[in-house]
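Asks: Please find one structure pasted underneath; my questions will follow.
Laboratory data are not the source of any read-out in this text; all were calculated from the coordinates shown. What you see is a predicted model; the values in this text were computed from it and never measured. Note that each Cβ is placed from the backbone with ideal geometry, even for glycine, and that neighbours are counted across all protein chains shown.
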Amino acid sequence: MPTASSRDRGPILVGTWSFSLAAIESAWATLAGVPPLDDRSGGRLGPDSRLLDAIEVACQYADLDPGVDSVGFGGLPDSSGRMSLDGAIMESPIRFAGVAGLRRHVHPVSVARLVMERTDHTLLCGEDADDFADRHGLAARELLSTEAKEAFERWETARRTGIGGPIDQSKDGSLLGLRPLDPGLGSKDAGRLFRPNGGREGAAPAGHDTIGVLGRDAAGNLAAGCSTSGLPFKVPGRVGDSPIAGHGLFVQPGVGLATATGTGELISGISASFVAVETLRRGGTLRDALEEVMLRIDELGPLRPHHQVGIIVMDAAGNVASGAFRPGFLVATRDEGGGRVSGPDLIHRPDDDGLPESAREGLAKNNDDPEPKDDP
Ligand code: GLY
């Protein structure tokens with residue numbers, strides 16, 4: 001893997017999960033300052049590069065995609081059947097804001113950007129965050145899609161009756177949720193990380209995930225954003241890692257940036273994005289950063305089979321590496337070479353003890369090369 005001192009890789013956007021490819025493709029034109037259908041620059045950034053705009057556009061794209069079951073409209077609700085969205089945007093430890101528990105506004109990163117740019121604060125939550133968005137002219141709207149409502153009703157029925165819900169059993173016989181597994185862009189389930197049926201009609205989903213986007217413009221500016229509907233059927237009021245600096249994202253200008261996705265409680269417990277960037281700051285390589293995060297997660301003790309953490313790290317030169325605790329994580333990249341989806345460079349437990357049998361087919365298709373690579 002490259003070191004933090006390796007050559008300048010130019011402008012780049014990177015996103016968590018394969019569904020983020022369309023989001024970062026849509027944002028590339030914003031980063032390059034040219035309209036998407038008239039891209040005569042060849043994708044090279046102009047002097048009026050708008051990195052924050054690009055991060056926001058990418059997250060907004062995912063927010064509005066009803067086919068993505070873990071972000072924005074189309075995401076799954078909490079255990080009361082109501083949606084709540086979290087997100088954040090970050091340029092540096094002093095230029096950051098997050099919002100948690102939005103119930104009426106679909107773009108957490110847009111609200112967070114307003115908090116960052118128009119207040120001295122870094123975190124707003126709940127109804128007051130929605131009211132703040134109202135006051136700044138953002139339109140309120142319905143966040144619960146018909147499909148998500150139906151998924152909630154199936155989950156509710158399963159919970160009440162014990163029929164049709166959760167899913168695979170662990171070795172000790174306890175019931176498990178599904179963890180996020182990326183079926184890849186070619187799949188009819190693209191964007192669905194939870195495959196609610198788990199191979200069985202009526203089974204309930206129980207997993208979650210986030211779009212995290214890392215960006216670098218031609219001038220070397222860095223920024224990150226993330227947006228999520230959080231854990232499906234979560235306890236109302238639960239907030240994960242996404243809106244918190246150092247947890248779901250972290251940016252240290254001149255050093256690097258990171259974003260994490262997966263089980264927010266694990267990510268928050270070790271401040272995963274901060275740990276990754278801090279490893280770079282102390283002279284570590286991208287691989288060191290990934291290994292440090294995975295080792296610290298491992299040290300948390302026995303993990304449940306539905307637990308997963310994926311992380312993307314970028315150095316100041318735009319070199320990128322990604323890792324996951326277990327197989328099933330994919331990363332999207334857009335740079336001057338085009339757009340692409342790839343598996344992570346490091347999988348901490350490639351043997352994947354505890355992976356539900358119902359999830360293996362998708363993995364085989366999308367993670368052809370689960371071995372760590374030397375150079376991403
Ligand atoms: N990683 C998103 C969440 O746990 O809410």
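Asks: Stretch residue 149-residue 92 to full length: gain in nm at 0.36 nm per residue minus the Cα-Cα span? It would help to have the intermediate numbers written out before the result.
Replies: Details: separation 57, 0.36 × 57 = 20.52 nm, distance 3.75 nm.
Result for the pair: 16.8 nm of gain on full extension.
Asks: A further question follows. Suppose R0 equals 35 Å; then what is the FRET efficiency for residue 141 and residue 304 from their Cβ-Cβ distance, rounded to the nearest 0.05? Numbers along the way, then the final one.
Replies: Details: r = 35 Å, r/R0 = 0.99.
Rounded to the nearest 0.05, the efficiency is 0.50.
Asks: Here is a follow-up. Over the range 235-301, what relative contact order in percent results from Cα pairs under 8 Å that are six or more residues apart?
Replies: Details: 92 pairs, mean separation 18.0, N = 67.
Dividing the mean separation by the residue count of the range 235-301 yields 27 percent.
Asks: If you don't mind, another one. Work out, step by step, the length gained on full extension between residue 134 and residue 8: first 0.36 nm times the residue separation, then minus their alpha carbon distance; give nm to one decimal.
Replies: Working: separation 126, 0.36 × 126 = 45.36 nm, distance 4.13 nm.
Gain on stretching residue 134 to residue 8: 41.2 nm.
Asks: What distance in nm separates the two pseudo spin-label positions at residue 336 and residue 219, each 7 Å out from Cα along the beta-carbon direction?
Replies: Label-label distance for residue 336 and residue 219, simple model: 1.8 nm.
Asks: Please list, in chain and number order, the residues 5+ apart from residue 271 or on another chain whose amide H is under 5 Å from its amide H, with Hs placed from the backbone.
Replies: Here nothing satisfies the definition.
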